[in-house]
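First comes the structure, then the notes that go with it.
The values are calculated or read from the model by the stated rules, or taken from the named source; none is laboratory data. These figures come from a predicted structure and were not determined experimentally. Here Cβ is always computed from backbone atoms with ideal geometry, including for glycine, and neighbour counts include all displayed protein chains. Heavy atoms of the whole protein, side chains included, go into the accessibility calculation; ligands, DNA and RNA do not. Shrake-Rupley method; radii C 1.70, N 1.55, O 1.52, S 1.80 Å.
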Amino acid sequence: MRRALITGITGQDGSYLAEHLLSLGYEVHGIVRRIALEDPGHRMKRIAHLLDDLVLHPGTMESYGSIVSVLAQQRFDECYHLAAQSFVPESFVDGFSTLNVNTTGTHHVLAALRQTQPEARFYFAGSSEMFGRAREVPQRESTPFHPRSPYGISKLAAYWLTVNHREAFGMHCSSGILFNHESPRRPHEFVSRKITRGAARIASGLERQLALGNLDARRDWGHAADYVRAMHLMLQQDAPADFVVGTGRSHSVRDLCAVAFEAVGLDYREHVTVDPRFLRPAEVDVLEADASAARDRLGWEPTYTFEGMVREMVDADLATARAGAS
Ligand code: NAP
Ligand code: GDD
């Protein structure tokens, strides 16, 4: 039985990846913050249905000691490093902790693997935010990076640490350069979930307006369940490498509003307002993937459409709103 370790297992991607690896017969371990172990009902809600099948270890990305103690106890075939401060606006508020968790945290995981089990295969959760003010559309593996936020910078530095462990120490380290991916498990503050939840609550009579920021930004939005398959496929390759993962189609925030509100029979123009509080100090205008390398070399294809993914999220948020939950 193959054994995998997931950091960030309580997050959106961690929960889908854990499901996927369990379905493939893996023994799945996760590192979770101690506070999550103390409050599982709230902090482990995305993996509540899996808890009997997982082995969880307390640890935090800020502490090398906590990570190396997990890796010293057990050998893993694969390590998926997903833990991060993943909300871009928060990185403008507190860039220091974002760099600490995302960059130094990644360094901790890489160094602990190198010390205890350099033969383990390592996946790093890179991001299309690393392209930032992109010089070409669509973006591929060779597109130059120009991050526009402390989050993007933190991911880019961690990406280079991953490349360096591959080149300097011969470790099997790969990065996925993943474009935005969503699901009903997406936290509320990300724009997709904010919109689908807002549309559901307005349709249910719980709210009247939804305040957003830049409606013209374009993103290549896919579904998280599709993207975790790409993570796994990367670690099955003989040679480590970095891959762009996205659908190849971009939509604006306005398009997402239109699909979500239409799904509940409303016109978004009557409910969405623009509030400057949600604008960013530096914006990324257009992200769109050229994932042909993932398609050709990994055999990876997305299965969800943009409209299908948005409708799935709206349906889940409608059910929550009708049940009177938040
Ligand atoms: P997410 O839902 O925000 O999950 C983040 C995970 O990291 C959670 O399990 C969180 O634990 C954990 N974490 C945060 N700080 C930690 C710390 N100091 N110590 C230990 N664990 C910590 O993110 P996601 O959407 O699943 O994304 C997974 C990864 O892919 C992230 O690295 C993200 O930056 C990257 N990524 C995401 C996308 C996307 O569109 N979703 C695209 C490209 C890259 P708690 O539950 O305890 O907070
Ligand atoms: N969050 C948010 N809230 N974003 C808004 C809003 C709003 O009210 N109004 C407009 N937007 C715009 C943002 O300015 C941005 O251009 C776009 O919607 C998407 O924002 P998010 O959903 O917050 O995602 P992101 O693109 O900044 O970052 C996500 O994708 C990255 C990959 O490209 C995160 O998942 C990152 O962790 C990930 O790396």
**OP:** Mind listing just one residue for me: the one in the range 260-285 that is within 20 Å of residue 208 (Cβ to Cβ), among the aliphatic types (A, V, I, L, M) and touching a helix residue (DSSP H, G or I) at 6+ places or on another chain (Cβ under 7 Å) and, of those, surrounded by the most Cβ atoms within 10 Å (Cβ to Cβ)?
**Re:** 260
Original post:
When you scan the range 13-49, how many residues do you find that are within 13 Å of ligand 1 (Cβ to nearest atom) and crowded, with 24+ Cβ neighbours inside 10 Å?
Top reply: 9
**OP:** Quickly run through the range 98-146 and pick out the residues that are open to solvent by 10 Å² or more (accessible area, probe 1.4 Å), out of contact with any Leu (no Cβ under 6 Å at 6 or more places or on another chain), closer than 20 Å to residue 166 by Cα and among the aliphatic types (A, V, I, L, M).
**Re:** 111
**OP:** Please name all residue pairs, on different chains or six or more residues apart, with Cβ atoms under 6 Å, provided the first residue is in the range 263-282 and is free of Cβ contacts under 8 Å to residues at least 12 places away in the same chain and within 14 Å of ligand 2 (Cβ to nearest atom) and the second residue is in a helix (DSSP H, G or I) and open to solvent by less than 40 Å² (accessible area, probe 1.4 Å).
**Re:** none
**OP:** Could you list, in sequence order, all residues of the range 199-219 that are of a type in the set (D, E, K, R) and more than 14 Å from ligand 1 (Cβ to nearest atom)?
**Re:** 201, 207, 208, 216, 218
**OP:** Within the range 59-88, track down each residue that is more than 16 Å from ligand 2 (Cβ to nearest atom), surrounded by 15 or more Cβ atoms within 10 Å (Cβ to Cβ) and of a type in the set (S, T, N, Q).
**Re:** 60, 66, 69
Original post:
Among (1) more than 17 Å from residue 191 (Cβ to Cβ); (2) away from ligand 2 (no atom under 16 Å from the Cβ), which single condition is residue 302 missing?
Top reply: (2)
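Go through the range 241-254 residue by residue and tally those that are surrounded by fewer than 22 Cβ atoms within 10 Å (Cβ to Cβ) and closer than 15 Å to residue 125 by Cβ. Show your work before the answer.
First, pick out the residues of the range 241-254 that are surrounded by fewer than 22 Cβ atoms within 10 Å (Cβ to Cβ): 241-242, 248-254.
Then drop every residue that is not closer than 15 Å to residue 125 by Cβ, which leaves 242.
Qualifying residue count, the range 241-254: 1.
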Original post:
Hey, among 189, 207, which residue is within 11 Å of ligand 2 (Cβ to nearest atom), at pLDDT 95 or above and surrounded by fewer than 21 Cβ atoms within 10 Å (Cβ to Cβ)?
Top reply: 189
Subject >> Matching residues in the range 50-92 - criterion: being within 11 Å of ligand 1 (Cβ to nearest atom), assigned to a helix (DSSP H, G or I) and touching a Lys or Arg at 6+ places or on another chain (Cβ under 8 Å) >> reply: 88
Original post:
Do we find a residue being open to solvent by 10 Å² or more (accessible area, probe 1.4 Å), within 15 Å of ligand 1 (Cβ to nearest atom), at pLDDT 95 or above and out of contact with any strand residue (DSSP E or B) (no Cβ under 9 Å at 6 or more places or on another chain) anywhere in the range 220-230?
Top reply: yes
Subject >> helices (runs of 4 or more DSSP H) fully within the range 1-49 counting 1 or more residues that are under 22 Å from residue 110 (Cβ atoms) and touching a helix residue (DSSP H, G or I) at 6+ places or on another chain (Cβ under 9 Å) >> reply: 12-23
